[in-house]
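Reading through the structure tokens given below for one structure.
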Amino acid sequence: MTLRPRLAGGTLEGMDDLRIPPGPGCPRGLLVPAGEMIERFSHASGPGGQGVNTSDSRVQLSLDLAATTALNDKQRERALRELGERLVGTVLTVTAAETRSQRRNRAAARERLGEILRASLVPPTPRRATKPTRASKLRRLDAKKRRSEIKARRRRPDAD
């Protein structure tokens, strides 16, 4: 596996900032700077013929959630809590190796990273307390009455 951040003019060559559209948890959307993401390329397994052993087409895209400037403190806390099991320390890593093209795998990894981040920022929906319906209360009382009658029939008759 090789680490190749190709710098050209201060940003990764051919890699723009990751834009995440607005949604729940991020009303104005997010903009993850390209310089905060780390790309690693390696040989991908699977189809590819002779080129599979020579071209680095698998892409691993990593983002340190604790250090990124794209998230505010509340969003960072929520993302770290929601993605806890997927993280190594505070780094979220996404891998893409579906296609033989490195360029398409890079795009797939960026899209996947954006989806995971957006999903982690959605606030939890609070539980709304509900009341039992009148019919369900009547069914419960009716069942209790029937059970009581069954048990009453098992008792010994009084010695009156």
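With all protein chains present, how much of the accessible area of the stretch 39-160 (probe radius 1.4 Å) comes from carbon and sulfur, to the nearest whole percent? C and S atoms contribute 49 percent here.
The peptide list 18-31, 91-104, put in order of mean Cβ contacts within 10 Å with the highest first, becomes 91-104, 18-31.
Of the listed residues Leu83, Leu141, the order by accessible area with a 1.4 Å probe, largest first, is Leu141, Leu83. Counting only residues at least eight positions apart within a chain, or on another chain, the lysines with an alpha carbon under 28 Å from that of Lys151 are Lys137.
By per-residue mean of other Cβ atoms within 10 Å, what is the highest-first order of 63-75, 108-120?
108-120, 63-75
The phi-based Karplus calculation (6.51 cos²θ - 1.76 cosθ + 1.60; θ = phi - 60°) puts the 3J(HN,Hα) values of the stretch 85-97 at 6, 8, 8, 10, x, 10, 9, 9, 10, 10, 10, 9, 8 Hz, whole numbers, x for Gly and Pro. Largest first, the residues Ser148, Ser42, Ser136 sort by 1.4 Å accessible area into Ser148, Ser136, Ser42. The heavy atoms of Asp158 present about 120 square angstrom of accessible area, all protein chains included, probe 1.4 Å.
Residues within the reach of a label modelled at Glu36 (point 7 angstrom out along Cα to beta-carbon, backbone nitrogen below 20 Å), restricted to the stretch 88-122, are 88-95, 107-122.
Shape class for the stretch 35-160: prolate, because the ratio a/c of the largest to smallest gyration tensor axis (alpha-carbon atoms, square roots of eigenvalues) is 1.5 or more and a/b beats b/c.
The values are calculated or read from the model by the stated rules, or taken from the named source; none is laboratory data. What you see is a predicted model, and the numbers here were worked out from it, not measured in a lab. Glycine also receives a Cβ, built like all others from the backbone with ideal geometry; neighbour counts cover every protein chain displayed. SASA here: full protein model, heavy atoms, side chains in, ligands and nucleic acids out. Shrake-Rupley method; radii C 1.70, N 1.55, O 1.52, S 1.80 Å.
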